[in-house]
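Comments concern the structure below.
Values quoted throughout were computed directly from the atomic coordinates according to the rules given, and no laboratory measurement underlies them. These figures come from a predicted structure and were not determined experimentally. We place every Cβ from the backbone using ideal geometry, glycine too, and count neighbours over all the protein chains shown.
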Amino acid sequence: MGTTNRYLKKHTEALVKDVGVEAACKITGRSKATLGRYYSDAEEHSDRYMPLDAVASLEAVASFPHVTQALAEINGNTLEVETGRRGNATSVNTNVVALAQRFAMLMGEYNQSIEDGVITVTEAKRMLSETLELQKVLVEMKLHLEEEVT
């Protein structure tokens, strides 16, 4: 499975987990097993992806448009998330604190991962997870800054 395929599957998994597996089943009308196949990196599921209608339904209730963001990044585009999709931060100062905390967590994961000179798949997954969380804070910070400019 190529890097792009793995990237899409990881973001699909993040979307399902953001919404919650049980809720994702209800929203999409699909079973846990079917949803799991959409983000499984097992060879037998390498050509299975979540249909766009399911992605759209889940992203409508998710805290972040995980799959849409991934597609934009793959194609070299940027995505502007609407202001109604805010997390808990109430100001740029709160975002800066959250950003520092997330970056520290990412660096902690990196430090642990590189300790033996090899980054394993599991370690890379943890770092990718932290990177996604860091990205969410940056998007939220961007939205706060745009509010202050307008």
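Any idea what log10 I(q)/I(0) is at q = 0.21 Å⁻¹ for the chain, Debye with uniform C-alpha scatterers and no solvent?
The Cα Debye sum returns log10 ratios of -1.36.
How do the peptides 101-107, 40-46 rank, highest first, by the average count of neighbouring beta carbon atoms within 10 Å per residue? Kindly include the intermediate steps, with their values, before the conclusion.
On the way: 101-107: 14.7, 40-46: 12.0.
Going from most to least packed, we get 101-107, 40-46.
Which of the lysines could a cross-linker span from Lys26 if the Cα-Cα distance has to be under 23 Å and same-chain partners fewer than 8 positions apart are dropped?
Straight-distance partners of Lys26: Lys9, Lys10, Lys17.
Determine, for each peptide in 139-146, 122-129, 60-67, the mean count of other beta carbons within 10 angstrom over its residues, then list the peptides with the highest first.
Values: 139-146: 17.1, 122-129: 15.5, 60-67: 19.6.
My ranking of the peptides, most packed first, is 60-67, 139-146, 122-129.
Check the straight Cα-Cα distances from Lys136 and name the aspartates and glutamates below 15 Å, setting aside those fewer than 8 residues away within the same chain.
Asp18, Glu59, Glu73, Glu80, Glu82
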